[in-house]
1. Which aspartates and glutamates, on any chain, are close to residue 159 with Cα under 16 Å apart, when same-chain ones fewer than 8 places away are left out?
2. If you roll a 1.4 angstrom probe over the protein chains with everything in place, what fraction of the accessible area of segment 329-428 belongs to carbon and sulfur, to the nearest %?
3. Between 155, 406, 231, find the one with the highest GNM mean-square fluctuation for the chain; connect C-alpha pairs within less than 10 Å.
4. If I model a spin label at residue 373 and residue 300 as a point 7 Å from the Cα along the Cα→Cβ vector, what separation in nanometres do I get?
5. Mean projection of the alpha-carbon convex hull of segment 103-196 over all orientations, in nm²?
6. Once you order the gyration tensor axes a ≥ b ≥ c over the Cα atoms, which shape class does segment 373-420 get: rounded for a/c under 1.5, otherwise prolate or oblate by comparing a/b with b/c?
7. If you plug each phi of segment 242-248 into the Karplus form 6.51 cos²θ - 1.76 cosθ + 1.60 with θ = phi - 60°, what whole-Hz ³J(HN,Hα) values come out, in order, with x for Gly and Pro?
8. Quick one: 3J(HN,Hα) in Hz for segment 311-320, Karplus 6.51/-1.76/1.60 with θ = phi - 60°, rounded, Gly and Pro as x.
Amino acid sequence: MANVAVVGTQWGDEGKGRFVDFLATGADVVVRYQGGNNAGHTVEIGSEQYKLHLVPSGIFNPRTLSILAHGTVIDPVSLAAEMDELAGRGLDMSGLRVSLRAQVVLPHHRALDALGEAARGDADIGTTRRGIGPAYMDKAERSGIRICDLIDDTVFESKLRRVMDEKNRIITRVYDGEPLAVEPILDEYRACAQRIRPYVTDTIWLLHERIEAGDNVLFEGAQGTLLDLDVGTYPYVTSSHPIAGGVCVGAGVGPAAIHSVAGVVKAYTTRVGKGPFVTELLDETGQWIREKGHEYGATTGRPRRCGWLDAVILRFAARVNGLTHLAVSRMDTLGGIDRVKICTGYRRGGVVTDRFPARWEELGQYEPVYEELPGWTDQISDVTRYDELPEAARLYLERIEELTGVPVAMIGVGARRDQAVVRCDLYR
Ligand code: IMP
């Protein structure tokens, strides 16, 4: 048995979904430990495409438990809709489990997310407006409503009335917004509670039982390292901890319970939302990557900003996550360019550093130092073995290994679950 964490090494959207989905086929338990429906995993199985926002990727495997642990924030309306959609497409929901301790995202969280962003004007964060930040704020303020409250009608009503009273004062008096009526929220959330109730349990005990029984557990990270609340490009971050350390807090396991940490790296870099991006390509190449890779957000549909691979970011991610392996996605997308570039350092005033800075303002002052490598063909989607990859693609991957000090265990050569080169079994 082994417990594996999969995390994003960049700004999210690294293509975690395809590796998580692949690794989920060998897992007995798949756990989401942070974030909420701000995430969007696209998974392709055969000719079918699925977009997951909250439901863990284990759901495609009927014998796998799919746990939404207490570190997540759950919008029950969104979860119920996602469950209905997946069930409508023939997927078995019986393996889903939702933590009693997880926080509930409520309509005032979404309203305050949007009002807060509007009030920031040009300094907005570019959030997904799913209410994620305000939900984590309430958790930290200790006024949040949890799933255990939601499934108890009386408790939910009394907590909601108290909370709404205060939130409506903030909405109207601070933001000049429209107050939210409590009754429709009660009705809608009660209906969703009914739908979710059979899946709710104490996931900490469940998870430990399964670990003790020798199961393979996959911890599925959403977003990415640079969106982490503490180590990311603050304030252009999300409000949770996507890094490997977030697994301990958000799922309720000790650090030694995580046997390997795979960092997913997109073969180039993308970012949605605002904030500096050293290797951003504002030219035709950036546009070419965006169109070829369909780089538009799975959750919001926003175009993603695209740029060359940034090894300064990867070295940082390798350290803060304790990466034991890398999984490189989208090698097929980057194929078809004559020469490709990797950023190996940041230059400012004649001085070069390979340390990712703490202040985003500093990041905005850096110029990338590039290394150029030969490109490879994009006709690699049928490749299943490492030595079948074009020499230039292998050189690129080996250079990433050198720059990060972390071996590449998996390589994505196409969108489908089976279009991957797998060099080692992470559960061994
Ligand atoms: P929030 O998570 O909605 O509060 O958004 C905060 C920042 O995280 C924004 O820049 C979002 O674009 C970004 N973000 C949140 N979730 C994702 C994701 O799944 N992929 C990429 N970016 C994300």
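The values are calculated or read from the model by the stated rules, or taken from the named source; none is laboratory data. Since the structure is predicted, the reported quantities are computational estimates derived from the model, not experimental observations. A quick note on method: Cβ atoms are made from the backbone with ideal geometry, for glycine too, and the neighbour counts reach across all protein chains shown. Quick note on the areas: whole protein, heavy atoms, side chains included, nothing else; ligands and nucleic acids left out. Shrake-Rupley method; radii C 1.70, N 1.55, O 1.52, S 1.80 Å.
1. 138, 141, 149, 183, 187, 188
2. That share works out to 43 percent.
3. Taking springs between Cα atoms under 10 Å, the residue moving most is 155.
4. Spacing of the two 7 Å Cα→Cβ label points: 3.1 nm.
5. If I average the Cα hull's projected area over directions, I get 6.0 nm².
6. Oblate, because a/c is 1.5 or more while a/b does not exceed b/c.
7. Each residue of segment 242-248 in turn: x, 5, 4, x, x, 4, 4 Hz.
8. 6, 5, 4, 5, 4, 5, 4, 4, 6, 5
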